[in-house]
Amino acid sequence: MIEINKHSGIYTLETKQILNVSLEKAWIFFSSPKNLQKITPSHMGFEVTSKVDAKAYPGQILTYKIGILPYIKQNWVTEITRVKEQKYFVDEQRFGPYKMWHHEHFFETIANGKTLMKDKVSYKIPFGFFGHFAHSIFIKKQLTFIFKYRHNTLEKLFNA
């Protein structure tokens, strides 16, 4: 499930997915920035360019290169701003393609030892009216594709 809503000039994307894996294993996978590339479509040329530790911690700065358009790569810098072990972590863009990017990752144990994973991404597009127009014809589709790809990849990794 992927839902995108607009409010006060900000978009919010929300997803939920049940993973057939323990909370501990889900946390180990998602709290490691090294695994981001595994769940990002390869055509985007996503590449972590900073040295990364085994798992996320508050204040951690991560740098990437990502293809925003064919043959156009952009640097993206995020900071892990909050972490509550095996509950949630938050990353926020410091520099990159969005005017604002605030991504909350939530995890909880549900029946039969499975894990419910939820994402909530609040983002703002630059360039005013032109940015909102680009969102309606391109950016929304791209984000939906990325999160569907992520969903399908996680299904293969944890639910096959």
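Name the pairs: first residue in the range 56-83 and at positive phi, second residue assigned to a strand (DSSP E or B), Cβ to Cβ under 9 Å, at least 6 apart or on different chains?
These pairs meet every condition: GLY59/GLU79; GLY59/ILE80; GLY59/THR81.
Spot the failing condition for GLU104; the list is (1) at pLDDT 95 or above; (2) over 13 Å from the mean Cα position of the chain (by Cα); (3) of a type in the set (D, E, K, R), and only one is missed.
So GLU104 meets the others, but not (2).
(1) surrounded by fewer than 14 Cβ atoms within 10 Å (Cβ to Cβ); (2) within 20 Å of THR144 (Cβ to Cβ); (3) at pLDDT 95 or above; (4) of a type in the set (A, V, I, L, M): which one isn't true of ILE110, the others all being true?
Of (1) surrounded by fewer than 14 Cβ atoms within 10 Å (Cβ to Cβ); (2) within 20 Å of THR144 (Cβ to Cβ); (3) at pLDDT 95 or above; (4) of a type in the set (A, V, I, L, M), only one is false for ILE110: (2).
Going by the conditions given, is ILE68 more than 14 Å from the chain's Cα centre (by Cα), assigned to a strand (DSSP E or B) and either of a type in the set (A, V, I, L, M) or under 16 Å from ILE2 (Cβ atoms) (or both)?
yes
Can you tell me how many residues in the range 8-48 are assigned to a helix (DSSP H, G or I), of a type in the set (Gly, Ala, Ser) and within 22 Å of TYR64 (Cα to Cα)?
Of the residues in the range 8-48, 1 are assigned to a helix (DSSP H, G or I), of a type in the set (Gly, Ala, Ser) and within 22 Å of TYR64 (Cα to Cα).
Identify, by number, the condition in (1) under 27 Å from HIS7 (Cα atoms); (2) in a strand (DSSP E or B); (3) not β-branched (Val, Ile, Thr) that TYR98 doesn't meet.
(2)
With respect to the numbered conditions (1) in a strand (DSSP E or B); (2) over 20 Å from TYR123 (Cα atoms), which one is the sole condition not fulfilled by ALA54?
Failed condition: (1).
Out of the residues in the range 115-144 meeting the condition of being outside any helix (DSSP H, G or I) and of a type in the set (Phe, Trp, Tyr), tell me which one is surrounded by the fewest Cβ atoms within 10 Å (Cβ to Cβ).
Of the residues in the range 115-144, the ones outside any helix (DSSP H, G or I) are 115-127.
Those still in the list that are of a type in the set (Phe, Trp, Tyr) too: 123, 127.
Values: TYR123: 20, PHE127: 11.
Among those residues, the one meeting the criterion is PHE127.
Conditions first: (1) touching a residue at least 12 places away in the same chain (Cβ under 8 Å); (2) assigned to a helix (DSSP H, G or I); (3) out of contact with any Asp or Glu (no Cβ under 8 Å at 6 or more places or on another chain). PHE147 passes all but one, so which condition is the exception?
(3)
The values are calculated or read from the model by the stated rules, or taken from the named source; none is laboratory data. Please read these numbers as outputs of a predicted model, since none were measured by experiment. We place every Cβ from the backbone using ideal geometry, glycine too, and count neighbours over all the protein chains shown.
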